[in-house]
Amino acid sequence: MENNTAATVASFTVGDFTVHGSRNLITRGETETAITPKMLAVLTELASHQGTTLSKEHLIIAVWGTPHTSDMVLSRAISDLRKVFGDSARQQAYIETVTKQGYRLKQAVNWLPGAASALLPVNETQAPEQVPLSEQSPEAETKGSGVNAKKVWLVFSVLALAVLLLGTWLFQDKESNADVAVKEAGKLSEPTFTYLTRDQAYERYLRFSVDGKMLAYSVSSQAYAGGRIVLRSLTDNKLITLGAASVAEENIAISYDVAPAFSPDGKEIAYKHFTGSGCLIRVYHLLDASERDLAPCPYAQTQALDWSPDGKQLVTTVFNQIKKIEGLALVDAQSGNTDILPLPQQPASGYLWPRFSPNGKVIAVVYYQPNSHLWTLALVDKASGAYTEILATGEEVSQVLWDEAGDALYYLLVNSSNDGIWKVNLSSKETTFIAGTKSNSLDFDEASGQFAGITREQKVNIWQSSPDPQGNRVVKPLFKNLPQTSYPRLSADNKMLAFVSTTSDIDSLWLRSLGDNYNRLVFQAKAKEKLVAPAWSPDGKQLLISVLGQDSSRIIQFDLELGNADSFAGENNVKMGQWSQDGAMFYWYEEVDGIWQVMAKELASGQTQSLLQHPVSRFAIPDKKHLHYQKIGTVKVHSRTLAGDESQTPADKMLLSLKGSYEWDAHADVIYYMSPGLSAEPASKAQQMLFKMELATGQSETLYEIDPVMAVDSDRHLSVSSDGTMAFYTKLDKYHTDVVLISR
């Protein structure tokens with residue numbers, strides 16, 4: 001199926017609105033609303049088939065031209081169009097969602113003069129609609145009165161069948177071409193890996209020099225206090241360490257250097273230097289080994305640097321504390337003056353891994369929306385900040401690079417079943433698989449045509465901290481034979497533990513009986529689905545799990561006694577389901593018209609209401625009176641008093657500020673959380689400790705030492721028994737990296 005070109009030229013009316021195709025504009029009376037080209041293309045495709053239900057697959061291929069596009073981008077386009085029309089997901093006067101089928105434009109469409117030639121949808125996969133003779137207009141019968149109608153119908157049917165067969169072949173051929181990378185990925189020959197490191201150091205942020213003769217990367221190890229930038233010669237393998245002395249000493253303040261970037265003339269390398277007092281962008285001169293402090297780093301949650309092709313600017317990321325959005329900042333390479341580009345539109349989102357195009361006019365980014373688990377390759381105009389979407393996917397993208405010609409992007413998929421290096425053509429949007437690798441950093445050398453990466457190997461497991469019969473605290477891994485375990489969740493009676501196990505990139509939901517250590521498999525996810533946030537009913541008879549897919553998220557409810565399973569009803573993305581302590585209320589997190597909200601439902605009456613409209617990483621409502629929540633990108637836990645009268649303004653207050661960890665576990669009257677503290681041992685150093693806060697008084701009590709919890713995502717990795725004596729947590733048992741050259 002070819003892209004529908006009607007959106008670029010067609011103008012029409014739909015209901016009370018007029019769509020101006022050449023201007024990307026919708027008007028109603030004197031009100032004008034600008035829409036994006038993709039919104040226009042979706043609306044025009046629906047208008048071209050007015051009254052007919054079009055599948056999501058049809059719309060995605062017609063508008064985006066590739067089946068690889070996540071249907072979350074289609075859902076957002078539909079949601080944005082509904083806002084223009086005054087529609088919503090519940091009141092669908094214009095665009096109707098047909099459950100499990102697709103979308104349909106309900107209002108009448110009138111094509112304006114001059115647009116008739118552009119009305120026919122360019123769709124070679126289907127034959128033209130065959131209108132029954134009884135429905136043909138009298139004018140058509142009069143004009144064809146000199147021809148035998150049966151012969152015309154026979155010829156027309158034969159031609160239609162031929163077009164249908166040809167179109168079907170074309171569609172299958174195009175689909176197989178678009179999907180060939182995925183389907184054949186396992187059959188391709190493995191790339192050649194040349195390992196440059198085989199040690200216990202932790203490497204990050206890798207970059208080639210301009211001539212491809214050196215690699216720069218950040219190294220953390222026992223030899224380096226914090227982390228240092230290392231330059232490795234690819235001709236003689238010699239190493240140069242930038243910054244302070246290479247040997248860690250007790251009296252040297254811990255600092256670390258990250259995100260190296262070579263200047264286009266190859267004479268300098270910029271990087272970020274972090275200390276306890278803040279961050280500086282430093283520039284190291286490769287010829288005379290001199291250094292200069294360029295500018296303070298804009299505050300960011302992600303670290304990246306790239307030099308413009310003319311050498312006049314550096315691009316990095318900057319975090320807006322109020323909007324919780326990661327944007328782009330341009331830093332003058334001489335003066336250090338910083339300009340902030342327009343921020344992304346979606347709340348709690350961010351531009352990651354910025355890279356200048358070869359001509360320096362646009363910046364390639366990975367646009368991440370954590371609530372939707374949506375990753376988008378996009379271009380940001382350096383002058384205006386205008387955003388252009390290239391490819392959206394539900395799989396995690398770690399990095400984006402330009403190819404040598406500037407007409408395609410390389411990107412790195414991680415934590416998926418398609419891990420490795422991929423390429424997307426900027427014009428056709430066609431994706432191509434390059435090489436499979438488990439990596440967390442990537443760069444490309446134009447001269448040699450090879451990639452450099454940092455391979456990673458990690459293992460996580462659930463650990464248990466509990467007292468033995470003598471009262472001594474015992475800390476040990478919970479499992480010996482399961483390869484990866486995470487997301488522990490205790491039942492209310494502290495007798496059962498729900499958890500997620502991952503084997504060969506496939507997630508499964510399990511139960512463990514803590515009395516006899518018996519493990520029971522409950523559910524296995526499909527490929528490319530991620531299981532998170534298990535939650536128990538108060539009586540322990542039901543269990544919830546959130547399923548995050550490439551295109552959507554849903555909640556599955558299991559009846560552990562009857563063995564039944566039901567999906568949470570609704571057309572929106574939902575996750576993080578949970579019950580109130582008495583089982584009378586059900587709560588969940590739902591995306592409604594592009595806005596994520598904490599929702600509540602009274603199970604007896606079925607009454608539903610929105611409790612909080614804000615992007616959060618987690619929430620808990622154990623007592624029906626208080627909503628505890630943590631906003632995305634923050635370390636603060638807030639509490640909202642839930643008023644019985646909806647007309648009253650909710651009262652929010654900060655409950656606690658986390659340090660060194662994002663983990664907390666709320667119960668009806670207490671919250672357990674992790675933070676650095678001192679153990680009871682004499683002359684002990686600060687350790688990660690488990691604390692107990694009484695909600696009535698706000699007073700905290702130190703309980704016991706606990707290992708650092710894995711905090712690579714925003715989901716819950718800590719579960720504490722009601723009395724606080726037992727704690728289950730996800731620990732990163734192993735993490736190893738190596739620098740490699742990757743040849744195809």
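Looking at (1) among the hydrophobic types (A, V, I, L, M, F, W, C); (2) touching a helix residue (DSSP H, G or I) at 6+ places or on another chain (Cβ under 9 Å); (3) surrounded by fewer than 16 Cβ atoms within 10 Å (Cβ to Cβ), can you tell me which one Ile340 breaks?
That leaves (2) as the condition not met.
Looking at region 658-669, which of its residues are at pLDDT 80 or above and either surrounded by fewer than 21 Cβ atoms within 10 Å (Cβ to Cβ) or charged (D, E, K, R) (or both)?
Leu658, Glu663, Asp665, His667, Ala668, Asp669
All but one of (1) more than 30 Å from Leu511 (Cβ to Cβ); (2) charged (D, E, K, R); (3) at pLDDT 90 or above hold for Arg489; which doesn't?
With respect to (1) more than 30 Å from Leu511 (Cβ to Cβ); (2) charged (D, E, K, R); (3) at pLDDT 90 or above, Arg489 is out only on (1).
Inspect all residues belonging to region 443-453 and state whether any of them is outside the structural domain of Arg520 (by TED's automatic domain parsing) and within 21 Å of the chain's Cα centre (by Cα).
No - not one qualifying residue is present in region 443-453.
Does region 57-67 contain any residue that is over 24 Å from Ser427 (Cβ atoms), modelled with pLDDT of 85 or more and not β-branched (Val, Ile, Thr)?
Scanning region 57-67 turns up no residue that is over 24 Å from Ser427 (Cβ atoms), modelled with pLDDT of 85 or more and not β-branched (Val, Ile, Thr).
Looking at region 490-515 only, could you name the residues that are assigned to a loop (DSSP other than H, G, I, E, B), surrounded by fewer than 19 Cβ atoms within 10 Å (Cβ to Cβ) and small (Gly, Ala, Ser)?
Scanning region 490-515 gives Ala492, Ser504, Gly515.
Among the strands (runs of 3 or more DSSP E) confined wholly to region 310-373, which include 1 or more residues that are farther than 19 Å from Val258 by Cα and touching a residue at least 24 places away in the same chain (Cβ under 8 Å)?
Where strands (runs of 3 or more DSSP E) fall fully within region 310-373 and carry at least 1 residues being farther than 19 Å from Val258 by Cα and touching a residue at least 24 places away in the same chain (Cβ under 8 Å), they are 325-332, 338-340, 350-356, 362-369.
Among the residues of region 264-296, write down those that are of a type in the set (Gly, Ala, Ser) and either in contact with a His (Cβ under 7 Å, 6 or more places away or on another chain) or not in a strand (DSSP E or B) (or both).
Gly266, Gly276, Ser277, Ala289, Ser290
For Lys429, state whether it is of a type in the set (D, E, K, R), buried (at least 17 other Cβ atoms within 10 Å of the Cβ), in contact with a strand residue (DSSP E or B) (Cβ under 7 Å, 6 or more places away or on another chain) and outside the structural domain of Arg489 (by TED's automatic domain parsing).
Yes, satisfied.
The values are calculated or read from the model by the stated rules, or taken from the named source; none is laboratory data. The shown structure was predicted, so the numbers you read here are calculated from the model rather than taken from an experiment. No Cβ is skipped: glycine too gets one built from the backbone with ideal geometry, and neighbour counts run over all protein chains shown.
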